[in-house]
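One structure is given here, and the rest of the page talks about it.
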Amino acid sequence: MSTIFIPYYSLLFTLFSTFRSYNQKIFTHTLSMGIIFLRTCIIFITLLIVMRLMGKRQIGEMQLYELVITLIIADLACIPMGDPSIPLTYGIMAILSIYFLHQVICLIDLGFSPAKSIISGSPSLVMNKNGIDDTQLKKNNLDVTDLIESLRSAGYFSLDAVDYALYESNGSFSALAKPEYEQEQTSLPIVLVNEGRYDFENLARTKRKREYFEDVFKKHGCNRKKLLIATIDGNGKLYFQPKGKKYQVVRLQWEEKVW
C-alpha cells in the first residue's frame, strides 16, 4: 500500500516546490520593482529641486549650454533609476556636480561680458532697412525660406512689412514692424524666385509666363539668376532683392486680383 502512495507524495512535493519557487520569484520581482520605484521618486525629487534652483529659464527658452546641461542631467538620472546595482548616491552626486557647473557658467556669463558672447552667443540681425542680410542667415545655417517661415510665425506675411528682424542668442525670433505694415499685407505673398531659381508651381499660380517676369526684372536692372529672393502676392506686388543689394518693391498692373 505504501508503495502506491509514494508517487502521490512525490507529486505533491514537486508541486509544493514549484509553487514556493514561483512565489519567491514574484516576491523578488516585486521587491525589485519597489526599489526601482523608490529610487525613481528620490531622483525625481532631486531633479525637481535642482531644475528649480537653475531658474525659470530652464523651463522656457534656454541658452545652448543650458540645453546641453539639461540633456546630460536627463541621461544621468536614467542610469541609477533603472539599474539597482548602481548606488543611488552616485546619480545624485553627478546631478549635483552638473548643477555646480551650471552655477559657475552662469556667474561667468553674468559677470564677464566677453565670455557671454562665447558661451551664449549673440543676436543675429538678419533683416534691416536694406532688406535681407544673407551673410547673417548663412552664419546661423539658415536660408531665406527659414526666415519667411519665422516671419509668418510672428504674424508678418510680407518681407517688406518689417524694418528689422533678428534671431536671439537663445534661438527665438524678433521683428520690428513698419508703422503701416497691416496695409502692406493685403494678399498672401508666395515665393517666385529663390536663389536665382523659379518656383514653377508658384509661377503657375500667377497665371503669367516666365518671360513676363524676366522682362520685369530686366526693366528694373536686375538679373534673375542673381536674385536672392522674389515674392509675389495676388495683387501683383512684387518684392525682389538681388544678392548683396537693397530690395525693391514693384506694383505690377494686373487687371484683377489673382488670389
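How many nm separate the modelled label positions at Ser85 and Thr145, each set 7 Å beyond the Cα in the direction of the Cβ? A separation of 5.0 nm, rounded to one decimal place. Between Phe100 and Ser117, full extension at 0.36 nm per residue minus the direct alpha carbon distance yields a gain of 4.0 nm.
Amide H to amide H distances under 5 Å link Ile229 with Glu195, Gln241, where only residues 5 or more positions off or on other chains count and H is placed in the peptide plane. Look at Ile119, Ile45, Ile148 and count the other Cβ atoms within 10 Å of each Cβ; fewest to most, that gives Ile45, Ile119, Ile148.
Under the simplified labelling scheme, the Ile72-Tyr212 pair shows an inter-label distance of 5.9 nm, with each label point 7 Å from Cα along Cα→Cβ. Please find the FRET efficiency linking His220 to Ser153, where r is the Cβ-Cβ separation and R0 is fixed at 30 Å, and quote it to the nearest 0.05. Taking R0 as 30 Å, the efficiency between His220 and Ser153 is 0.50.
Across the range 125-182, Cα pairs under 8 Å and at least six residues apart give a relative contact order of 33 percent.
Peptide packing: for 240-246, 159-165, the average count of neighbouring Cβ atoms within 10 Å per residue gives the ranking 159-165, 240-246, highest mean first.
Taking other residues whose beta carbon is less than 13 angstrom from the beta carbon of Asn202, and scoring Lys, Arg as +1 and Asp, Glu as -1, yields +2. In this structure, Asn235 and Leu125 have a Cβ-Cβ separation that, at R0 = 25 Å, corresponds to a calculated FRET efficiency of about 0.25. Rounded to whole numbers, the Karplus 3J(HN,Hα) couplings from phi for the range 120-131 are 9, x, 9, x, 10, 7, 9, 9, 9, 5, 8, x Hz, using 6.51 cos²θ - 1.76 cosθ + 1.60 with θ = phi - 60°, and x at Gly and Pro. Length gained on full extension, Arg205 to Ser172: 8.6 nm, using 0.36 nm per residue less the C-alpha separation.
The length gained on full extension between Lys245 and Trp259, counted as 0.36 nm times the residue separation minus their Cα-Cα distance, comes to 2.1 nm.
Laboratory data are not the source of any read-out in this text; all were calculated from the coordinates shown. As the structure is a prediction and not an experimental result, all values here were calculated from the model. All Cβ positions, glycine included, derive from the backbone under ideal geometry; neighbour counts span all protein chains shown.
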